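J.: Before we start, here is the structure in question, set down as structure tokens.
The values are calculated or read from the model by the stated rules, or taken from the named source; none is laboratory data. Keep in mind the model is a prediction, meaning the values are calculated, not measured. Here the Cβ positions follow ideal geometry from the backbone for every residue, glycine too, while neighbour counts run over all protein chains shown.
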Amino acid sequence: MSALQTRVMTASQSTAAPPTRPHDAAAFKRDDICWTVMDIPNNPGPPVFEATGSSTDLNSQLALLLELVAAGDQQAFAELYRLTSRRVFGMARRVLIDPDLSEDATQEVYLQVWQGAAKFDRAAGTPLAWLMTIAHRRAIDRVRAVQAATDREAKYGAASQDPDRDLVTEEADTNLEAEAVSRCLGTLTDTQRESVRLAYYGGLTYREVAEHLGAAVPTIKSRIRDGLLRLKTCLGVG
Amino acid sequence: MFANDIATDLAEGRVLELAELYALDAVSDDERAMIDHYIKDAPERPEFLERVRETRETLAVSFAPEEEPPAGLFDDILERITKDAAAQPVAEPVAPSVESPAVDDLAAARMRREERTRVGGARRWIVGAAAAAVIALGGIGVGAYVSAQNDPVNQVLQAQDVQKKSAPVPGGGTATISASSAKDSFVVLMDGVSPAPEGKVYQLWTLPKDGSAPVPQGTMDAETLSKPAIVKGLSSASSVAITVEPTGGSSAPTTDPVLVVGLSA
């Protein structure tokens, strides 16, 4: 008998080599996914709103905090989380719907912030845009991975539902900035808004948006581009 | 007018018109890579990046649903950061690969939450692999031998009481564990083992003898995979396990172990 013996789990082969995943395990987990997608209501319920001030103020604060976080300051990190977690978690929930997945995605976002704060480049954008880009990317990477294994219609449904509750305007309508956003969103055509929303919150590619809407692919590309350009111009983002 | 596919748009000189789709993440991963490649040395690069930046600023203020995250989430994040700092340095964070199997993601999410709320989760986690046999670390040599080198890895490898065993790793290669009771440490060396799939790393765990949750002992990415990893606390560990985890590692195992080695004194 050797001094040390090992046992290799046969079932775990799939872990090291994903293509050989056992069928039974996959089937079980797929059931799990359907349950998740179908039983969790899309509407997360009325959120508690809190005025967050203008994004300009917020961005100055966040820029300072990010510098401290880059130096390993945990208090600054806690403050940054306090100021932004409602947005990051809100984004995750809007895209992923499932609260548990959203929690995981949020955790990943802040780990990435903690580890990558030093790489934040003010010249490349505001802290908020940087953060929300990470948050969105994390969420849609997950939603696309989930969708690869489940019924795509389930997500289309999720993306299509409840078209306006997610706009910032409805959540803080006393805010001047929010009023501007509301007004500017109103300058988009319905079809432009619809295409942007399906892509952004549904995690759909332009091609999937086209399939879903039964529209031509070039048309959808134009709608998304034109919608975002119009919004940008109206808001005076430069 | 756009074409049906991104390749044609690029070939026909419309890269700038793709900036909004790109910023919105409304392209597939392949298409994103294609655009990244194209723009890398293109003269339109500054203008493209500027349009992407403006779009992201626009999105950040226009589409901003807010929801209060669960209480305790920040503590979980801090805990993970602290653990990561205590273990080996983690690899550069990368966006999770879209190719990573979705079922794993969901299963991982569930598993993590279960682990978070369950005390003594280790026992159940290990159940399928529990028949892992045992390394008998008898005849504890008193640590009279002092390594010629101060390197802790060498101190273990050259300890008089060192016990070694190699085990095959699924997918090819071997893991060799060298344990020294005198040093209360063991060294794990992977040889000929392919790196974990993209977006994943191998993570080492010790299972405490008291049955509490597995303790993360650092991750091994493609770069560190061939280097020896030293783990302290041999005397309090009943087994060592290796799992595949998302890049950056996990605070609790999210997959079944690839390999479990029992240790006993």
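J.: With the condition kept exactly as written, say whether any residue in region B:41-57 is surrounded by 15 or more Cβ atoms within 10 Å (Cβ to Cβ), within 12 Å of chain A (Cβ to nearest Cβ) and over 30 Å from residue A:55 (Cα atoms).
T.: no
J.: Continuing with this model, one more query. Filter region A:114-128 for residues that are out of contact with any helix residue (DSSP H, G or I) (no Cβ under 7 Å at 6 or more places or on another chain) and more than 7 Å from chain B (Cβ to nearest Cβ) and give the result. Walk me through how you get there before you give the answer.
T.: Of the residues in region A:114-128, the ones out of contact with any helix residue (DSSP H, G or I) (no Cβ under 7 Å at 6 or more places or on another chain) are A:115-116, A:119, A:121, A:123.
Matches in region A:114-128: A:119, A:121, A:123.
J.: Does region B:26-40 hold any residues that are at pLDDT 95 or above and within 7 Å of chain A (Cβ to nearest Cβ), and which are they?
T.: B:26, B:27
J.: Looking at the structure I just gave you, is residue A:69 among the β-branched types (Val, Ile, Thr), within 13 Å of residue B:66 (Cα to Cα) and assigned by TED's automatic domain parsing to the domain that holds residue A:132?
T.: When the stated conditions are applied, residue A:69 does not pass them.
J.: Would you mind listing the strands (runs of 3 or more DSSP E) fully within region B:149-194 where at least 2 residues are within 10 Å of chain A (Cβ to nearest Cβ)?
T.: Values: elements: B:163-168, B:174-180, B:185-191.
The strands (runs of 3 or more DSSP E) meeting that bar are B:163-168, B:174-180.
J.: Just the residues that are under 16 Å from residue B:21 (Cβ atoms) and more than 34 Å from the chain's Cα centre (by Cα), please, taken from region B:36-49.
T.: Within region B:36-49, B:44, B:47 qualify.
J.: Considering only region A:211-238, how many residues are within 9 Å of another protein chain (Cβ to nearest Cβ), under 17 Å from residue B:27 (Cα atoms) and either small (Gly, Ala, Ser) or touching a residue at least 60 places away in the same chain (Cβ under 8 Å) (or both)?
T.: Summing the residues that are within 9 Å of another protein chain (Cβ to nearest Cβ), under 17 Å from residue B:27 (Cα atoms) and either small (Gly, Ala, Ser) or touching a residue at least 60 places away in the same chain (Cβ under 8 Å) (or both) in region A:211-238 gives 3.
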